[in-house]
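Undergrad: To start, I am sharing the structure in question, which I have written as structure tokens.
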Amino acid sequence: MEQELSEIIEKNIWIFPIVALLTTLVLNRALHWFFGWRLKKLQPSQHVWRHALLASLDAPLRTAIWLLCLEIIRRKMLPVNKQPLLDQIIAPTIDILSVIILSWFVLRLVEYAKNNYLAYIQSQQQETDQTAIDALAKIAWAFVLIFAAIAVLQQLNIPLASLLAFGGAAGIAAGFAAQTLVANLLGGLTIYASRIFKIGEDIVFPGTDLAGTVQTIGWRATKVLGWNGKPLYVPNALFNSSNMVNHSRLSHRTINENILLRYEDYNKVRDIISEGNRFLEAQTNLKYFVFQFDSFGDRALKLMLYAWVQADPPGQFVPFADFMKAKQTLMLGLADIALSHNCTLILPTSTIHLHDKTPPRLPEA
């Protein structure tokens, strides 16, 4: 029976490729159904690695099966050593495609693992450094691409020594043209290494209009969503050459204001300051405060309030809206204390005195 089957195959050479292709097609559909069925039962936020492995393996595995099918068909129809020139072309091509498929699988695994881990952290309502996770994923991508490139060059019989020598000569010319790109790449590495900010934090460049919330940190630029709703793409090199304030890491926000009273209320200043300090001591969101008589102004007595507003509980970031509410409570509270002592608040205005009488004239000569 086997001999008869082999004779049929030899006489009808196209039967084997058709059978092989149909078998591969059925196997691919079966694998696609299996992976889809398993992935429906796995939640990314609960089965981090199992979901990442299956999701990343689906397409590369089915592609590898097609590649294996084509190689089997080639070996059957064109046996090895029968076409030396063709073998010299096809053999390294198969190896290169295998490297690409393997690299494709690893890159998908890195991306799915990153996204699943972030989903797991979010489902558990835990704090995590998304910037560090993104940096590790980018480093993994870089290593995979470098090793894949080296493997492909080896299959093409391109010696790395000559490539490096050529790169050294061409790198001088390309370096001048790519100064900005290299500076941005180094700036991105500086952000990841020094961790001056992370995704979700608010940053401000003093003296400029660059201010907003960090959304993504790329190799060339960082995307910042401006507080006016406009996305800003800030070159990473700017973080190495400009001052930046990370508002999300403020330990407190500062109040520095004056309350102005009439000179007629001088005798009430000590009582107002004493009661005001008791009022400030009762506030739980003040890290430090000073409320004292400051100076004799041109038209009013100046009472200075200097205070540090912190989060409640301490140690967390103070949002601007919460800071303004706290400032409002303090300023209105101190004003109410002054008014309870029958004081009058003075507006910071200037007075111009005009002469009512006509100035004297000089005697005529």
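Undergrad: Can you tell me how much longer the chain between residue 266 and residue 125 gets when fully stretched, taken as 0.36 nm per residue apart minus their C-alpha distance, in nm with one decimal?
TA: On the way: separation 141, 0.36 × 141 = 50.76 nm, distance 5.53 nm.
45.2 nm is the gain from fully extending residue 266 to residue 125.
Undergrad: Something else: Could you put 108, 75 in order of accessible surface area, largest first, with the 1.4 Å probe and the full protein assembly present? The partial results should precede the final answer.
TA: Numbers: 108 55, 75 125 Å².
Solvent-accessible surface, decreasing: 75, 108.
Undergrad: Can you compute the modelled spin-label distance between residue 156 and residue 139, with each label point 7 Å from Cα toward Cβ, in nm?
TA: 2.9
Undergrad: For residue 257 and residue 216 in one chain, what is 0.36 nm times their gap in residues minus the Cα-Cα distance, to one decimal in nm? Show your work: numbers first, answer last.
TA: Details: separation 41, 0.36 × 41 = 14.76 nm, distance 3.75 nm.
Extending this stretch completely gives an extra 11.0 nm.
Undergrad: Got a sec to turn the phi values of segment 143-150 into Karplus ³J(HN,Hα) couplings, 6.51 cos²θ - 1.76 cosθ + 1.60 with θ = phi - 60°, whole Hz, x for Gly and Pro?
TA: For segment 143-150, the Karplus-derived couplings read 5, 4, 5, 5, 5, 5, 5, 5 Hz, x marking Gly and Pro.
Undergrad: With every protein chain in place, what's the accessible area of residue 230 (1.4 Å probe, Å², nearest 10)?
TA: Its heavy atoms expose roughly 130 Å² to the probe.
Undergrad: Could you work out how far apart the two model spin labels at residue 288 and residue 242 are, taking each label as a point 7 Å from the Cα in the direction of the beta carbon, and quote it in nm?
TA: If labels sit at residue 288 and residue 242, their model points lie 3.0 nm apart.
Undergrad: Now for a separate question. As a quick test, which of the pairs 40/76; 198/287; 41/198; 302/327; 41/114 have an alpha carbon distance above 29 angstrom in this structure? Could the numbers behind the result be given before it?
TA: Numbers: 40/76 39 Å; 198/287 26 Å; 41/198 33 Å; 302/327 18 Å; 41/114 20 Å.
Cα-Cα > 29 Å for 40/76; 41/198; rest within.
Undergrad: Continuing with this model, one more query. With the crude spin-label approximation of a point 7 Å out along Cα→Cβ, what separation in nm comes out for residue 273 versus residue 233?
TA: About 5.8 nm, to one decimal.
The values are calculated or read from the model by the stated rules, or taken from the named source; none is laboratory data. What you are looking at is a predicted structure, and each value in this text was computed from that prediction instead of being measured. Note that each Cβ is placed from the backbone with ideal geometry, even for glycine, and that neighbours are counted across all protein chains shown. SASA here: full protein model, heavy atoms, side chains in, ligands and nucleic acids out. Shrake-Rupley method; radii C 1.70, N 1.55, O 1.52, S 1.80 Å.
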